[in-house]
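Chemist: Mind looking over this structure? Questions follow.
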Amino acid sequence: MNVAIPDKKLRVAIIGAGLGGLALALALQKNMPDIELDIYERAKQLAEVGAGLGASPRVWAILQSLGLEKDLLEAGGTTQVSGTMPLRFLKGDQPEVAEICEFGSPVRTFHRAHIQQIFTRHLKNSEQILHFSKLLVGYAEPEDPTAPIVLRFGDGSTATCDLVLGADGLKSAVRHQMYNDMADVAEKKGDLDIAAKLRDVIPPVWSGMVAYRAVVPTDKLTQDVKDLTKPMMNILFGKSRYLIYFPISRGQAYNVAAMVQMPGAAGTQYNGPPLTAEGILKLYTDWDPKIKSIISHMSMPLDWAVHTVKDLPTYVKGRVALLGDAAHAMTTSQGSGAGQAIEDGYILSAVLAHPLVTSQNISVALEIYDTVRRPFSQDIARRSRESTRLYLLDRLGWENVSEAECARGGFTHEQLQPIGRMIEDDMGWVHATRIEHDEERAMQMAQERLSAQA
């Protein structure tokens, strides 16, 4: 569908060229071929670091709709024709791993850098619309909905647009200004408590979790370790730490993430030094030797302090919207951070492409996006927080089991079974929801609300 703007083309500025920003750009180009699009990225070049990513069926449906299926399957995590990979959950902090359950929903795994390359390759006129070394320092949105928004960058340059879409990540400059602006308005009205609450959600919060990530070549693993590493996304639970590993690059390598909870660190500042594989191994002393063998091959692991964004009361203000980590950065336990960003872009582009959207009612279209996407993405963030506690054996009574008791192992299937049932509950949205249904709801809302204003 093409947007019906009689006087001019819609000029859209995407702030941030991560996976969320690029997926949004692809969706906008598909749905609105006449759009004038610019992507402003603070980095000097696109450079996704070596980490893996799992795409749920909801996200895979979006990627298929964007025409990326063939390229992504060729770059996928397995050599299987389907490219899918179920989830396997195990208890790992004992002499030999114990199976908890398998979750049958098909996940497709990829190297993030490969996805970024594919996204960029499919982006039309990428050399003209991608602008690097552009750090947004502020924007000015006039009250007149037909007047251009002015963007200001750290290099002293400016640009104009009709719509600002903030996909600029955890430390989002767009979120910073949006919420400061709303707080300023509240203060002028004398609503000091409201202003304080609005400012409180601006800074990201450290979860207390550190992820040590690396890509391990499959040929580095011994046969007994390979026997354990089925073509699945393997998630191993343990007291104060857990581990995720799964194949990427068509089975030629494994993405490994050692997730460590620092006691009492949540909400503080992260100042920890990076660790070598030897240092990480010391944190997994009581774990299955086969798991420790995988960790030992984590050459030059990257340390990543897992930060989140507090639940925002809105993702939009006027002609400005937030998506991805800028809106709902979450812990990793649902494996859905990037996926939720892609879903944001899909729904946002669909709403903006509705034939009744004009330069005068963009704010209404953005409110529809917020109505559909904010509750869903914030629910996934909540589920991710709860899943993190489960993976750290801090729910269902396991919080009363000591680390020493956990390390001894010997737990029966009946003792582990409640964890499996809770996993099914936490992950139930994967089976129970469809992105197509969310799109249909958004389109119905757009038809009703925009028609009423026409």
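Chemist: Under 8 Å for C-alpha pairs, at least 6 residues apart: give me the relative contact order for segment 163-244, rounded to a whole percent.
Modeler: Normalised by residue count, the contact order of segment 163-244 is 18 percent.
Chemist: Same structure again: Ranked by Cβ crowding within 10 angstrom, fewest neighbours first, how are ASP325, ASP38, ASP184 ordered?
Modeler: Numbers: ASP325 27, ASP38 19, ASP184 13.
Placing the least packed residue first, the sequence is ASP184, ASP38, ASP325.
Chemist: Let me ask something additional. Mind ordering 84-90, 365-371, 217-223, 342-348 by average Cβ neighbours within 10 Å, highest first?
Modeler: Peptide ranking by packing, descending: 342-348, 365-371, 84-90, 217-223.
Chemist: 7 Å from Cα along Cα→Cβ at both GLN417 and ARG121: what's the point-to-point distance in nm?
Modeler: Inter-label distance under the simple model: 4.9 nm.
Chemist: Provide the per-residue ³J(HN,Hα) series for segment 95-105, in order, calculated from phi with Karplus coefficients 6.51, -1.76, 1.60 and θ = phi - 60°, each as a whole number of Hz, with x at glycine and proline positions.
Modeler: x, 9, 4, 10, 5, 9, 5, 10, 10, x, 5
Chemist: Once amide H atoms are built 1.01 Å from N in the peptide plane, which residues 5 or more positions from LEU10, or in another chain, come under 5 Å H to H?
Modeler: GLU36
Chemist: Further, regarding this structure: Suppose a student asked you for the relative contact order of segment 220-312, using Cα pairs under 8 Å spaced at least 6 residues apart; what percent would you report?
Modeler: 23 percent
Chemist: Stretch THR268-ARG385 to full length: gain in nm at 0.36 nm per residue minus the Cα-Cα span?
Modeler: On the way: separation 117, 0.36 × 117 = 42.12 nm, distance 1.71 nm.
Extra length available between THR268 and ARG385 comes to 40.4 nm.
Chemist: As a test of the formula, what do you get for the chain when each DSSP H run with n ≥ 4 contributes -39,500 (n - 2.57) and the sum is divided by the residue count, at 222 nm and rounded to the nearest 500 deg cm²/dmol? Numbers along the way, then the final one.
Modeler: On the way: 17 runs with 183 residues, N = 454.
The per-residue figure over the chain is -12000 deg cm²/dmol.
Chemist: What GluC sites (Glu not before Pro) in segment 106-203 are in a loop by DSSP, with at most 14 other Cβ atoms within 10 Å of the Cβ?
Modeler: Answer by residue number: GLU143.
Chemist: Turning to a different aspect of this structure: Between their Cα atoms, which of LYS282/LYS310; LYS220/LYS282; LYS91/LYS171; LYS44/LYS317; LYS91/LYS310; LYS134/LYS188 are more than 23 Å away from each other? Could the numbers behind the result be given before it?
Modeler: Numbers: LYS282/LYS310 32 Å; LYS220/LYS282 20 Å; LYS91/LYS171 34 Å; LYS44/LYS317 29 Å; LYS91/LYS310 30 Å; LYS134/LYS188 32 Å.
Pairs exceeding the cut-off: LYS282/LYS310; LYS91/LYS171; LYS44/LYS317; LYS91/LYS310; LYS134/LYS188.
Chemist: Using θ = phi - 60° and the Karplus curve 6.51 cos²θ - 1.76 cosθ + 1.60, what whole-Hz ³J(HN,Hα) does each residue of segment 150-165 get, with Gly and Pro shown as x?
Modeler: 9, 9, 10, 10, x, 7, x, 7, 10, 8, 10, 6, 9, 8, 10, 10
Chemist: Take peptides 277-290, 392-405 and line them up by average Cβ neighbours within 10 Å, highest first, as a rough protection proxy.
Modeler: Highest mean packing first, the order is 277-290, 392-405.
Chemist: Taking the number of other C-beta atoms within 10 Å as the exposure measure, put ARG434, ARG383, ARG373, ARG449 in order starting with the fewest.
Modeler: By the 10 Å Cβ count, ascending: ARG434, ARG449, ARG383, ARG373.
Chemist: What is the gain in length, in nm to one decimal, between GLU96 and GLN447 on full extension, counting 0.36 nm per residue of separation less the C-alpha to C-alpha distance?
Modeler: 120.7 nm
Chemist: Simple spin-label model, 7 Å along Cα-to-Cβ: SER299 to VAL150 in nm?
Modeler: 5.2 nm
Chemist: Roughly what would the spin-label model give for ASP191 and HIS431, points 7 Å off Cα along C-beta, in nm?
Modeler: Calculated label separation equals 4.3 nm.
Chemist: Whole-Hz Karplus ³J(HN,Hα) for segment 132-137, in order, using 6.51 cos²θ - 1.76 cosθ + 1.60 and θ = phi - 60°, x for Gly and Pro?
Modeler: Residue by residue, segment 132-137 yields 9, 6, 10, 8, 5, 10 Hz.
Chemist: Would you please give the FRET efficiency between LEU283 and SER363, computed as 1/(1 + (r/R0)^6) with r the Cβ-Cβ distance and R0 = 41 Å, to the nearest 0.05?
Modeler: 0.25
We did not get these values from a lab; they are worked out from the coordinates using the rules stated. Because the structure is predicted, anything quoted here is derived from the model rather than measured. Don't worry about glycine lacking a Cβ; one is built from the backbone with ideal geometry, like all the others, and counts go over all protein chains shown.
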